[in-house]
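The values are calculated or read from the model by the stated rules, or taken from the named source; none is laboratory data. Note that the structure is predicted; figures quoted are calculated from it, not measured. Quick reminder, even Gly has a Cβ in these numbers, built from the backbone with ideal geometry, and neighbours come from all protein chains shown.
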Amino acid sequence: MKRLGFAKTYVGFDWRTSLPKALGWLAEKRADPKRAYDFAEAADAAPCQSASVQPSLKVGPLSQVPVVSIVDDDESVRTAMSSLLRSLGYKTCIFASAEAFLSSPRLHDTSCLIVDVQMPGMTGLDLQADLNVCRPSLPVIFITGLPEERLRRRAKASGAVGFFSKPVDGSMIISCLDGVLRPS
């Protein structure tokens, strides 16, 4: 892939506009804790960029910073996503493959996983199936360059809390993560 410019990343964030906009949206959302994001409405509007948070996956009050692990075979996606999440106060760990994540000590202390659907070797959906056995309550958010409805349905049926197409909308990822990791 060709890099499009210093401020542009492969995830689709233009840091000059998207990050300030996402941070402003986040500050607004946190200023009004009663305002809830309607993920079902987003699913109807854009099925391949929808996110649905299942209340049973909410993590209780946190005594430490949540760890978000990012698994993607594209280094630029990992780096951009990690930068966005760290700017919001999350601790991030990045992995180039599902196998690397599964063999890592971070498997046990990850609070949420963001994973690409299509990767060489083990796919994101295969990783989710393995995690449903060893970490069934781990929230999984999918990102994909191939937003096929059948993949979204399969991910959701297996318990995914979000499914986004690339380029990823930063505010949607933030909203999905907050819905899962921040106490109500």
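Overview of values
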| read-out | value |
| --- | --- |
| Residue satisfying all of: in region 146-161; outside any helix (DSSP H, G or I) and under 14 Å from the mean Cα position of the chain (by Cα); farthest from residue 172 (Cα to Cα) among these | 159 |
| Whichever residue in region 99-112 is assigned to a helix (DSSP H, G or I) and in contact with a strand residue (DSSP E or B) (Cβ under 6 Å, 6 or more places away or on another chain) and, among such residues, is surrounded by the fewest Cβ atoms within 10 Å (Cβ to Cβ) | 106 |
| Sole residue being free of Cβ contacts under 8 Å to residues at least 12 places away in the same chain and part of a helix (DSSP H, G or I), chosen from 86, 78 | 86 |
| Residue in region 113-131 that is in contact with a strand residue (DSSP E or B) (Cβ under 7 Å, 6 or more places away or on another chain), over 25 Å from residue 65 (Cα atoms), at pLDDT 95 or above and of a type in the set (A, V, I, L, M) present | yes |
| Residues that are of a type in the set (Val, Ile, Thr) and outside any loop (DSSP other than H, G, I, E, B), drawn from region 113-145 | 114, 115, 133, 140, 141, 143, 144 |
| Number of the condition not met by residue 175 [criteria: (1) part of a loop (DSSP other than H, G, I, E, B); (2) buried (at least 20 other Cβ atoms within 10 Å of the Cβ); (3) of a type in the set (S, T, N, Q)] | (1) |
